[in-house]
Amino acid sequence: FSRLRNLGDDYPNPSLWQGNTVYVNNHMAINPISQGVATFDGLNERGRAYAFGLSIPTLSDSLTSHCIRLASAPDTVYLSFFYQAQGMGNAPEFEDLLVLEFKDTADRWQQVWDANGYILEDFKFNRVMIPILDERYLFDGFQFRFTNYASLSGNVDHWHIDYVELDGGRTKTDTVIRDVAQMSQTSFIPELGYAQTGTYSLLKEY
């Protein structure tokens, strides 16, 4: 999610993702892994509430990958990502969910992972690594998608996704982040509290 116009806000990169309901930004998450996160909430692609007055957890935003060729993939394919609830926004309640689904060979979506809402306390992102081993998913045309269940009444129940990676030749211990990113996002620093870190110039101090 690092491709942002003017280091501002954007929709997901259309060469990688389908749909525009998530909010790609540089300021909603705390201590992100890299430049840019995808934020899930109760707003549609135009920034409007899906349904005023509806506060029960309901299917809201979604982020779907394009089709991926996995028919000849090795048995070491992993999908990994980082997620954080709340960030600088509103904490999702326990019954509000972040969900990951895989599309199988019968063109059906299967839920493979979910997380319950929580109040952010340690200002960290959580890592998830999921092996793709089932033959139902090892075909040309595989897709995965993230969805959230939230109140549809507005800009609430926030989840943030960062650093999504799907590749073969990986193991469960493949946790090294290889990017060196120039950061300009919100961080929590014990001595300073919340701060906008980074600089727009790599050479400013020199």
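The values are calculated or read from the model by the stated rules, or taken from the named source; none is laboratory data. From a predicted model like this one, the values you see are computed outputs, not experimental measurements. Note: ideal-geometry Cβ built from the backbone for every residue, glycine included; neighbour counts use all protein chains shown.
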In the stretch 36-59, how many are farther than 13 Å from ASP10 by Cα, β-branched (Val, Ile, Thr) and touching a strand residue (DSSP E or B) at 6+ places or on another chain (Cβ under 8 Å)? 1
Counting only residues that are touching a strand residue (DSSP E or B) at 6+ places or on another chain (Cβ under 7 Å) and of a type in the set (Lys, Arg), which one in the stretch 67-113 is nearest to SER151 (Cα to Cα)? LYS103
Give the residue that is surrounded by the fewest Cβ atoms within 10 Å (Cβ to Cβ), with candidates limited to residues of the stretch 60-90 that are more than 18 Å from PRO12 (Cβ to Cβ) and of a type in the set (A, V, I, L, M). ALA71
Only strands (runs of 3 or more DSSP E) wholly contained in the stretch 1-94 count here; list those with 3 or more residues that are in contact (Cβ under 8 Å) with a residue 60 or more places away in the chain. 37-40, 58-65, 78-85
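From the list ASN31, ASN13, ASN20, which residue is surrounded by 16 or more Cβ atoms within 10 Å (Cβ to Cβ), at pLDDT below 95 and closer than 30 Å to VAL176 by Cβ?
Values: ASN13 fails: surrounded by 16 or more Cβ atoms within 10 Å (Cβ to Cβ); ASN20 fails: closer than 30 Å to VAL176 by Cβ.
Selected residue: ASN31, the only one of ASN31, ASN13, ASN20 that is surrounded by 16 or more Cβ atoms within 10 Å (Cβ to Cβ), at pLDDT below 95 and closer than 30 Å to VAL176 by Cβ.
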Scan the stretch 157-174 and report the pairs whose first residue is farther than 19 Å from ALA115 by Cβ and whose second residue is part of a loop (DSSP other than H, G, I, E, B) and of a type outside the set (A, V, I, L, M), with Cβ atoms within less than 7 Å and a gap of 6+ or a chain change. GLY168/PRO74; GLY168/THR76; GLY169/PRO74; GLY169/THR76; ARG170/THR76; THR171/THR76
For the stretch 101-114, check the following and say yes or no: at least one residue is surrounded by 13 or more Cβ atoms within 10 Å (Cβ to Cβ), in a loop (DSSP other than H, G, I, E, B) and of a type in the set (A, V, I, L, M). no
